[in-house]
Amino acid sequence: MADYIYTMEIRLTPDQLKGVNLVQEVARAAGITLYLTGGAIRDIISGFTIRDLDFTVQGNPLKLQKDFERAGAQLAGHDDDVRTLFLVLPGNVRAEVGMAHTETYEKVGKPPTIAPASIQEDLRRRDFTVNAMALSLNEGSRGLLLDPFNGVADIEAKVLRILHNYSFVEDPSRLIRATRFAARFHWPLEERTQQRFDSARENKYIDHISKGSIGHEIAQLAHEDDPLSVVRALEKEEFLKVLHPHWTVAKVDTNGLTQLMKTRQQIVDLGYTVDPSAAVMHFLTAHLPEKDIADIRKQIPRKDLIEAWRDIEDHAKELAKRLMGKEAATPSRTWNLLSSARPEMVLFLAVTARHQSVAQKIKNFFTKWRDVQKRIPLPEMTELLITPQLPEYPKIARDVFMLLLDGKLRSRTETLKFLKPFAPPPPPPPPPPRRGRGPKAAAVAAPIPEAPGKPAKGKGKKAAPVAAPAPAASVPAPAKKTKPEASRKPDTKAKPAKAAGKTAKSAKPAAKAAAARHSTRKPAAKKSTTKKAKKR
Ligand code: CTP
């Protein structure tokens, strides 16, 4: 039997996994039964990107809002009809926590009657077999997969299959969803599903789509990895105009969107987490009039997306202005500015910057300046015992990087000259063996094998490396995967930046100060006295 908890743990990002634990903890404390459901399960099993976390609880999640907020989640909206909370979990993880419910459709085109239900009943009201699975996150049954329609088999067969013949009639938004999933996964509709799809389309059931579903489906477009192919598929089926009557592929800035997704991939490959949804919406609606854009925004249930989309141009303009000012007068300052900006803004500006200098700075930030890291002499730093074990290491490494960026350390010799004063003395030799009389004492006095990593006694000043150096990429601390840039304090105000602004020579006093702080600095001081004495 497949171990779905293991699969979940290896497939989720560390932040998503923390998100699952957070929701699980809140539900456990409240005594509510919790399941991971829908698209998250489908994506975990199929290997596709897990875009968001859908949870279902047997109970009313709206009551847990305060508990989630106390645990670190942010509320991004709620749907009182189906009792769903839209959350942003730490690390920018999107999540929905909904109530397990049934949907009873009395008349075509009328909203269903919602009633609380068990998870088994809830799975029966869903759209496709691959979305009708639930993974228990409850003590006693944790890891149990509920798969009443054999969704796993359909994932293996790569087909989209509705649960029953009335699926598209009951909820016409499933026509849009089928089109979207088929375009995303390149999975065809199963034969009977295709027939039902065609007939529902011909009978124009889509005209009965609810307003809420329109908003939900618009928002889903923002999170597609290839939004252009999805809107093209929607237009082909005449569903794009259902989302807004004036929306066509011609209203999309296709070049901008293509460039955005390409740049986003490059940024992700560098280890950043970047949410392009607001920028995607910007390009998808680029050629629509303001009024239509405002109408589309009004439909979206998640206020975090609406705000980010609304503000994206202004925030990017602000960043562009700063990149043209004093704050970005040198490469090191520009690096600090861009490192502390939100990756979403940098991504958007990378694609939209009008000024050549701004575009060039962003390009350098992602390419040329990263190569400068390779010039940090890590092997020599290890030999000098300047390793991550030193409390001053992050500052030293950052200062070297900043000086290299600004061209103030032009050669390896200059770099080593700058680094040497920071080298701590080798650790003190081990205490001499106790001497005594008799055979026992002789055994004690026998040579002690060297502890791994410790410098050999009496082998001269050059000690063996204490630990492997940190990889170059981690030295100047680019954006961390899990922490949004905005939440980090820019380092520009901190001392390292000051030192970075100085020449290698003038940075020396900082080295001395660091040396003085280091309790084992004495031998180094002795060395300089000897030197002076010799001179005299
Ligand atoms: N769902 C449904 N019918 C709908 C909308 C949603 O049955 N009209 C169910 C599906 O089980 C779906 C889940 O609710 O998996 C969550 O909906 P949503 O987040 O919209 O879809 P995902 O399947 O998670 O897809 P995506 O990858 O686009 O987020």
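No value in this document is a laboratory result; all are computed from the given coordinates. Every value quoted in this text rests on a predicted model; they were computed, and no experiment measured them. A quick note on method: Cβ atoms are made from the backbone with ideal geometry, for glycine too, and the neighbour counts reach across all protein chains shown.
Descriptive notes on the structure:
- Ordering of 199-207, 373-381 by burial proxy (mean other Cβ atoms within 10 Å per residue, highest first): 373-381, 199-207
- With 29 Å as the limit on Cα-Cα distance, the pairs of K321/K368; K158/K363; K363/K417 that go past it are K158/K363; K363/K417.
- Protection proxy ranking of 66-73, 41-48, by the mean of other Cβ atoms within 10 Å over each peptide's residues and highest first, is 41-48, 66-73.
- Amide hydrogen neighbours beyond the local backbone of R142, cut-off 5 Å, H modeled: none
- Evaluated over the range 375-422, the Cα radius of gyration and Dmax, each in Å: 9.8, 27
- Listed by chain and number, the aspartates and glutamates placed with their C-alpha closer than 12 angstrom to that of K298 are E307; residues fewer than eight positions away on the same chain are left out.
- What the phi angles of the range 243-258 give under the Karplus curve with 6.51, -1.76 and 1.60, with θ = phi - 60°, is a coupling list of 5, 7, x, 9, 7, 9, 5, 5, 7, 8, 7, 5, 5, x, 5, 5 Hz, glycine and proline written as x.
- Extension reserve of the R412-R434 stretch, reckoned as 0.36 nm per residue once the Cα distance is removed: 3.4 nm
- Volume per residue that the Cα convex hull of the range 1-157 spans, once the total is divided by residue count, Å³: 115 Å³
- Computed from label points 7 Å out along Cα-Cβ, the spacing between E307 and S340 is 2.2 nm.
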